[in-house]
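Accompanying notes for the structure given below.
The values are calculated or read from the model by the stated rules, or taken from the named source; none is laboratory data. Model, not experiment: these values are computed from the prediction. A quick note on method: Cβ atoms are made from the backbone with ideal geometry, for glycine too, and the neighbour counts reach across all protein chains shown. Keep in mind that these areas ignore ligands, DNA and RNA; they rest on the heavy atoms of the full protein, side chains included. Shrake-Rupley method; radii C 1.70, N 1.55, O 1.52, S 1.80 Å.
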Amino acid sequence: DEQRRNDQYINTLLNNYVYSNSFVKIVYVLKEEGSGWGSGTFSEARLKNIRLSDKEWVKEAKQKDGELVWQGLQYDDFNGGGINTDLILPVGRVLKDFDTLNNIGLVQVHLDGRSILNTIEHLKLGKTGKFFVVDKNGMIMIDANLDSINKKVENPDLYHHIVDNDAVEFEFEANSVPYYGVKQP
């Protein structure tokens, strides 16, 4: 009975976080052994079918030891509402026990991917310009062309400007297409 009340309390708390922010779609608190809590249509049954320890974001979150791990736009693995229903931008990290600083779980916040795409589609860069976001390794994280997500920037010169150049801003041209880059964490 107490466990059920605690589960309800945590799920309600997570739902309140989601309802208070229009860009937050879902919040998950996960334990590696396959249990967890989530807002919205979280499916613990789906979570049990996934080995969290095999997920790249989990490995990276452990390595970063509390720092945020951003992923590219994708569809939600744990949503119980159906397959490939929610386009999300996940950001996660390990949860720590404040007394021992040991890892006790994971938290993952899913930002609303459709809202993010709608926002960047309204950004106008000249008459034909477009906007996309890459990580520090040159991997495309946000792009209106979903096929580009989680792929390396193809143009080697543009990739070099992104990854190897320390400039906060840069201009670059390839095949008569001008690029303007801004680096900001």
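May I have the pair-distance distribution P(r) for the stretch 67-158, computed from all Cα-Cα distances with 10 Å bins from 0 and rounded to whole percent?
15, 37, 30, 14, 4, 0
Report the percentage of all Cα-Cα pairs in the stretch 1-73 whose separation exceeds 18 Å, rounded to a whole percent.
Values: 1309 of 2628 pairs.
Within the stretch 1-73, distances greater than 18 Å cover 50 percent of Cα pairs.
Enumerate the calculated ³J(HN,Hα) couplings along the stretch 58-73 in order (Karplus 6.51 cos²θ - 1.76 cosθ + 1.60, θ = phi - 60°), each rounded to whole Hz, writing x wherever the residue is Gly or Pro.
5, 4, 5, 4, 5, 5, 7, 6, x, 6, 6, 10, 9, 10, x, 3
Can you check what the net charge comes to around LYS151, using other residues whose Cβ is under 12 Å from the Cβ of LYS151 (Lys, Arg +1; Asp, Glu -1)?
Values: positive: LYS152; negative: ASP135, ASP143, ASP147, GLU154.
Net charge in that neighbourhood comes out at -3.
Suppose each label sits 7 Å from its Cα in the direction of the beta carbon; what would the SER20-PHE132 distance come out to in nanometres?
3.7 nm
Could you pull out every residue, at least 5 positions away or on a different chain, whose amide H is within less than 5 Å of the one on LEU95? Hs are placed 1.01 Å off N in the peptide plane, and Pro or chain starts have none.
Here the answer is ILE104, GLY105, LEU106, VAL107, since their amide H atoms fall under 5 Å of that of LEU95.
Just the number, please: carbon plus sulfur as a percent of the accessible area of the stretch 62-185, 1.4 Å probe, no ligands or DNA/RNA counted. Present the calculation step by step, with values, prior to reporting the outcome.
On the way: 4100 of 8050 Å².
About 51 percent, which is the carbon plus sulfur part of the accessible surface.
Percent of Cα-Cα pairs per 5 Å bin, from 0 to the last occupied bin, for the stretch 1-150, please list those.
2, 9, 16, 21, 20, 15, 9, 5, 3, 1, 0, 0, 0
For LYS124 and HIS160, calculate 0.36 nm times their separation in residues minus their Cα-Cα distance, and state this gained length in nm to one decimal.
Difference between extended and current length: 10.4 nm.
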